[in-house]
Amino acid sequence: MDLRTSLALLALLPACGGEPQPPAGAPEVTTVAPASPVPAASVTAASAGAPPSAAAPPPVAAGPKLACPPALPVLTTERTVWGPLVRRGACWTLLNHTKGAPDYDDTLLVMPSNVRKVGKADVAQLKYTLGRNSSAHEAPADVLPRQVAVTDQGVWFLPADADDAAITAALRKPPTYAAKPKTFEPTQENGYTFVREAKTSRGPIVCTGHAIPPAQGTCGDKCNARVCFSASVGVVIVEGTAAPASGAYAQNEFRIVP
């Protein structure tokens, strides 16, 4: 066999099952087996969820949908329960507790406004707003104060439209309630009004209002009303005919301890 015949036979070897060698200088190639197909149902479920890198958001704590804006922290308690009523920039959120548990969709906002000095008194108008529809809340003026004047002697509950001259005249008379109000129970002689001290989980409060015995048969659905005040956070409870729909509104944790 001559040299030409030998070279021809060698050229036929790859066709007979031999492993071809890459040409000199060709890049090395790594073969990767194809991934197993993913069921369509799995793909749909994965795409519907959050990306793997996104952490699940923390649960949102319950809170009023409409509430007072954040206020400055109260560093000290006022000298009397009437002091916060003339605190500039104050605002308090009361939740509807008529059915027991707080209703975060139904709030009563209380805010001192037009805070000013009249003689020796600090004076403010009190604004009551229903958070659910941003409307003003109307209630008997003899229970829910509309404008107040506060001195070291106590508090004067005044008409909302009382001007400075009328307030000056009122200050010459005894206050509606003393700085440290004397408690008393409702009687026919005092028009079934009361002043009571009470305990709550957030400290003592003072409540004013009226409680007419149903046996009188003359008050209809207006027999009971109560408004409570705290020396640290102002108006904390509004109930009965003082409250919207004769309900029970309160700041959280200000429930009276029996």
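Details
- Matching option when the condition is surrounded by 14 or more Cβ atoms within 10 Å (Cβ to Cβ), at pLDDT 85 or above and of a type in the set (Ser, Thr, Tyr), among Thr77, Thr93: Thr93
- The criterion of being basic (Lys, Arg) and crowded, with 21+ Cβ neighbours inside 10 Å holds for Arg226.
- Applying the criterion of being hydroxyl-bearing (Ser, Thr, Tyr) and over 14 Å from Val227 (Cα atoms) to the residues of region 109-165, the residue that is modelled with the lowest pLDDT is Ser134.
- When residues in region 177-212 are screened for being among the hydroxyl-bearing types (Ser, Thr, Tyr) and open to solvent by 50 Å² or more (accessible area, probe 1.4 Å), 3 of them pass.
- The residue of region 200-217 that is modelled with the highest pLDDT, among those that are more than 16 Å from Glu185 (Cβ to Cβ) and part of a strand (DSSP E or B), is Ile205.
- Pairs are defined by a Cβ separation below 9 Å, a sequence spacing of at least 6 or placement on different chains, a first member in region 242-258 that is at pLDDT 90 or above and open to solvent by 10 Å² or more (accessible area, probe 1.4 Å), and a second member that is among the β-branched types (Val, Ile, Thr) and not in a strand (DSSP E or B); the pairs so defined are Ala248/Thr98; Gln251/Val233.
- Here Glu239 meets each of (1) touching a strand residue (DSSP E or B) at 6+ places or on another chain (Cβ under 6 Å); (2) assigned to a loop (DSSP other than H, G, I, E, B); (3) open to solvent by 20 Å² or more (accessible area, probe 1.4 Å); (4) at pLDDT below 95 with one exception, condition (2).
The values are calculated or read from the model by the stated rules, or taken from the named source; none is laboratory data. Treat the numbers as computed from the prediction; the structure is a model and nothing was measured. Note: ideal-geometry Cβ built from the backbone for every residue, glycine included; neighbour counts use all protein chains shown. Surface areas here come from the heavy atoms of the whole protein model, side chains and all, with no ligands, DNA or RNA. Shrake-Rupley method; radii C 1.70, N 1.55, O 1.52, S 1.80 Å.
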